[in-house]
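Note sheet for the following structure.
Every number here is computed from the coordinates shown, using simple stated rules; none is lab data. All values derive from a computational prediction rather than experimental measurement. All Cβ positions, even for glycine, are placed from backbone atoms using ideal geometry, and neighbour counts span all protein chains on display.
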Amino acid sequence: MDSLNRMAIELADEALDFAEELNVGAFELDNGATVIDFGIDFSGGIEAGLLLTELQTAGLATVQTRMDTVAGTPIPHVELATDRPDLALLGSQKAGWELSVDGFEGLGSGPARSLVADEDEFRAIEYTDAFDLTVLAVETDRLPTVQVAEEVADRTGVNPEGVYIAAFPTASIAGSVSIAARAAELAMFRLFELGYDPTNVLTASGSAPMAPIPATEEVAMGRTNDAIAYGGQVHLTVTEDADILDELPSTATDAYGMPFLDIFEAEDWDLQSVAPAVFAPATVTVDVVGGPTYALGERNDGLLAESFDL
């Protein structure tokens, strides 16, 4: 397999080449690192969000939008499909890097994680990257600083000039698109947490509605998670049957039916205290090659309509 970071750098170059058309910003920090602004000082858009998602999955997923409805209301939905769910989703797209540097807070995803490879998922998929350039997508409402880029450079072993940081707020068009594209990734992570070998998943496809953009990051976090937990749909093709498959959808959790804004507030916004199982798609279809096909969970348009303020 080619380097995830090398494939993502080509997409970062595309964002830089078409920054004006995508309505994204780009600038170089004093240490030579490059920041691409997907929604903090620039408004971005749906196409910017699709490219951001391709960056997060290192180009190993097909991402597109389609029109569908939520409670009878037309809403764009984001679709993602990949034939390498182990690498594209767990090895790259998963938001597994918590950044906290001199007052800057952000949640990192993308192939830079594979250069560090200290999360359990990388041992399960048996992948560690090696490359002299890297891309980290950071969910944040502040532009990354020199100190943030230095942290990324130190942990990945890449010179600061080779660091590319794609920054986006949750409350942005690109943020809403890229988070809606996480339905399949959350199903993969739930499988992994339940002890299933992620390399047994041959294909993963997912979709979820693009949450309307609110005024605050907190409301956006609630809406984007509701979009997946109550409107996300996932299809997996796997090689091995397992007893734990019925635990994949959000309907299997005790918190099902509670808006995420309430879930987060109940934990005083300490996201580490939120049970990981609640981060799951509404429905999951699991096609076992040579075996049964399971249809699990259900969509909840009523809760989505309330969350989206329709």
Seminar exercise, completed: Filtering GluC sites (Glu not before Pro) in the stretch 205-261 by DSSP loop and by at most 14 other Cβ atoms within 10 Å leaves Glu240
For this session: Would you kindly derive the ³J(HN,Hα) couplings of the stretch 5-11 from the backbone phi angles with the Karplus curve 6.51 cos²θ - 1.76 cosθ + 1.60 (θ = phi - 60°), listing them in order in whole Hz, with x for Gly and Pro?
Result: 5, 4, 5, 6, 4, 4, 6
Problem set entry | Inter-centroid distance (Cα atoms) of the stretch 292-310 relative to the stretch 19-81, Å | 24 Å
Exercise. Roughly what would the spin-label model give for Asp118 and Asp254, points 7 Å off Cα along C-beta, in nm?
Worked result: 3.2 nm
Exercise. So what J values fall out for the stretch 132-146 if you push phi through Karplus, 6.51 cos²θ - 1.76 cosθ + 1.60 with θ = phi - 60°, rounded to Hz, Gly and Pro as x?
Worked result: 9, 10, 8, 10, 10, 8, 10, 7, 6, 9, 10, 5, x, 9, 4
Seminar exercise, completed: Residue-ordered couplings for the stretch 64-78, obtained by feeding phi - 60° into the Karplus form 6.51 cos²θ - 1.76 cosθ + 1.60 and rounding to whole Hz (Gly and Pro as x), are 7, 10, 8, 8, 9, 10, 10, 6, x, 9, x, 9, x, 10, 9
Seminar exercise, completed: Sorted by chain and then number, the residues having a modelled amide H within less than 5 Å of the amide H of Ala26, at least 5 places away or on another chain, are Asp37
Problem set entry | Calculated FRET value between Thr293 and Asp30, using beta carbons and R₀ = 51 Å, to 0.05 | 0.40
Exercise. When the chain is treated as a GNM, springs tying every alpha-carbon pair under 10 Å, which of Thr283, Thr145, Thr73 comes out with the largest mean-square fluctuation?
Worked result: Thr73
Exercise. Which of Ala112, Ala181, Ala124 moves the most in a Gaussian network model of the chain with Cα springs under 10 Å?
Worked result: Ala124
For this session: Search the structure for amide H atoms under 5 Å from the amide H of Met210, placed 1.01 Å from N in the peptide plane, and list their residues when 5 or more places away or on another chain.
Result: His77, Val78
Problem set entry | Potential lengthening between Asp154 and Ser100 on full extension [0.36 nm per residue; Cα-Cα distance subtracted] | 18.0 nm
Seminar exercise, completed: Labelled set (i) 1.00; (ii) 1.25; (iii) 0.93; Cα Rg over 2.2 N^0.38 Å computed from this model equals the value at (iii)
Exercise. What percent antiparallel are the DSSP beta bridges of the chain, to the nearest 5?
Worked result: 70 percent
Problem set entry | Cβ-Cβ FRET estimate between Asp309 and Trp269, R0 fixed at 22 Å, reported to 0.05 | 0.60
